[in-house]
1. Determine the pairs where a residue that is of a type in the set (Phe, Trp, Tyr), located within the range 115-143, has a partner that is outside any strand (DSSP E or B) and open to solvent by 30 Å² or more (accessible area, probe 1.4 Å) with Cβ atoms under 9 Å apart, the partner being 6 or more residues away or on another chain.
2. Check off (1) buried (at least 20 other Cβ atoms within 10 Å of the Cβ); (2) touching a helix residue (DSSP H, G or I) at 6+ places or on another chain (Cβ under 9 Å) for Asn145 and give me the number that stays unchecked.
3. If the Cβ limit is 7 Å and pairs must be 6+ apart or interchain, which residue in the range 35-56 that is acidic (Asp, Glu) and surrounded by 11 or more Cβ atoms within 10 Å (Cβ to Cβ) pairs with which residue that is at pLDDT 80 or above and outside any loop (DSSP other than H, G, I, E, B)?
4. Return the pair list, or none, for Cβ contacts closer than 9 Å from residues in the range 61-86 that are modelled with pLDDT under 95 to residues that are small (Gly, Ala, Ser) and open to solvent by 10 Å² or more (accessible area, probe 1.4 Å), at least 6 apart or on different chains.
5. Of everything in the range 78-94, what is touching an Asp or Glu at 6+ places or on another chain (Cβ under 8 Å) and buried (at least 22 other Cβ atoms within 10 Å of the Cβ)? Give them in sequence order.
6. Given (1) part of a loop (DSSP other than H, G, I, E, B); (2) without any contact (Cβ under 8 Å) to a residue 12 or more places away in the chain; (3) surrounded by 17 or more Cβ atoms within 10 Å (Cβ to Cβ), identify the lone condition not met by Thr2.
Amino acid sequence: MTDPGWPAVLSHGAVTVRPLDRLDAKAWTDARRRSAAWLHQWDATVPPGSTARPTTFANLVRRLRRQAKRGVTYPFAIEVDGVFAGQVTVNNIVRGSAQFASIGYWIDQGFAGRGVMPLAVALVIDHCFTTAKLHRVEICIRPENSNSLRVVEKLGINEIGYAPRFLHIDGAWRDHRIFAITVEECHQGMLARLGLSPE
């Protein structure tokens, strides 16, 4: 069965989110390299004793594409005026009685502070609630990550819990604050929370 939520291209003004592609390899790698010192403390790492190993971009895209075909992940690239700027990924999509997903994101430091990430996340959540017919979206953020916390604050997404030692990040199991929103809380859409109308 085809997933109505994937593939998709979403845009508002200069910001577009579209499927991450293997042709993004150079732009993705350059963005990660430029912003390495800024991003490394928030990056997932391999826990001790795990058999998983760091992967290449090509392998990452192949894995995400397989997951997207199964309807469990939507890996979006973010562009600003056609320039690669970061990534928003809808993860852990659960259907059945849950209709739930979680969202993770990162941005090239050069595009930070310009409202790009709140807009990209708003576009993706609106897509999840309308086209993909999900009911609930969750975002988990380390308490120290003030930049990511500002995204959920701008979008008015409520904090619902706290998860000790939730994910292996930057070499250790890290606590996360949990934010979530349901479709019932979002009648006007997420873009409206930013004072924007759909284009």
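The values are calculated or read from the model by the stated rules, or taken from the named source; none is laboratory data. The structure displayed is predicted, hence computed values, not measured ones. Note: ideal-geometry Cβ built from the backbone for every residue, glycine included; neighbour counts use all protein chains shown. Surface areas here come from the heavy atoms of the whole protein model, side chains and all, with no ligands, DNA or RNA. Shrake-Rupley method; radii C 1.70, N 1.55, O 1.52, S 1.80 Å.
1. Pairs that qualify, where the first residue is of a type in the set (Phe, Trp, Tyr) and the partner is outside any strand (DSSP E or B) and open to solvent by 30 Å² or more (accessible area, probe 1.4 Å), are Phe129/His135; Phe129/Val183.
2. Result: Asn145 passes all but (1).
3. Asp43/Ile169
4. Val61/Ala25
5. Ala85, Gly86
6. Answer for Thr2: the failing condition is (3).
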